[in-house]
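**Student:** Please read through the structure below; I'll follow up with questions.
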Amino acid sequence: MTKSEIKPGEEYAFREKRQASLPFQRVKVLEHIRGNKWKAQWVDPNPGLVDYIESNQLIVPWKEQRAFLKEEEQKERIRQYNMEHGYEPESPITSAVEQVFESVGDGISFYRGDFSGSADAIDRVRVRAGVETGKSSYVSYVDRQKKLHLPFDEALDLARKFCAAEPQSVLAGVEATEREWEQDARTPGKEHIISLLTEYRASWAIIRQWTGHDPAVAAREAHIKSLERLVWDAIYALQKAGLDSEANRLRRAIQRE
């Protein structure tokens, strides 16, 4: 918990380390000491023990501990389910799903294999994707904040269908990012962008497949990018030859495009 959420005189669920497998201890916060330090008295176990603890060791108000433990079990169930159904944290497919739902907005989130949002917001995305609303897998659950949580395979299926239904909603962000990073990669001092481009191009290719991106359009864009690279090569050659004004004229022209 954060310092602002903790109130002296209240009881909290305490863990010495933030590990889901550790049982809760029940403590009563007596007073704030300094920074994130608090003075607390144990209720169970070791009733009457007084010691100093830190804010991040207090997990949840004691009256919410049962609901919190239930959520932990549900979250772990989704994690196990994801591992058994092909979820890979660092894969291009996972990155593609993340980017699709970033383009959706509406409070939808996909993080570490957990697809979440209000039930109404998720149903709105389903409607946009042409998917039946109101149905979720058996491992789904609603948390204490009324957010619906769904596993990776359901998120993947919805992301694919959303791309097919609204390709431009997704491609606009992908193409804008790709253009920006390609220009940045050619800027002295920003060479680190090249590794980002390499990493993300695999997921962008997957998104384009899901959107049914026209192969002819893809070929045309590849040709345009090839021409852009030739122009940038010319800019660097002009700079190297000391012809800065000509190089700047070309740079302004291509950046306007």
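**Student:** Which lysines, on any chain, are close to residue 135 with Cα under 17 Å apart, when same-chain ones fewer than 8 places away are left out?
**Tutor:** Straight-line reach from residue 135, under 17 Å: 146, 147, 161.
**Student:** Also, I was wondering about something else. Where does each of 24, 110 land when they are ranked from fewest to most other beta-carbon atoms within 10 angstrom?
**Tutor:** So the residues, fewest neighbours to most, are 24, 110.
**Student:** Sticking with this structure for a sec: Mind jotting down the distance between the C-alpha centroids of region 166-196 and region 85-100, whole Å?
**Tutor:** Cα centroid to Cα centroid, the span is 19 Å.
**Student:** Could you compute the FRET efficiency for residue 52 and residue 245, with r as their C-beta to C-beta distance and R0 at 45 Å, rounded to 0.05?
**Tutor:** Efficiency for this residue pair is about 0.10.
**Student:** Taking 7 Å along the Cα-to-C-beta vector as the label spot, tell me the residue 228-residue 144 distance in nanometres, rounded to one decimal.
**Tutor:** 4.7 nm
**Student:** What's the exposure ranking of 133, 211, going from fewest to most Cβ atoms within 10 Å?
**Tutor:** Going from least to most buried by this count: 133, 211.
Coordinate-derived values only; no laboratory data. The structure presented is a predicted model; accordingly, all values stated were derived computationally and were not measured. Reconstructed Cβ throughout: ideal geometry from the backbone, glycine too, with neighbour counts over all protein chains shown.
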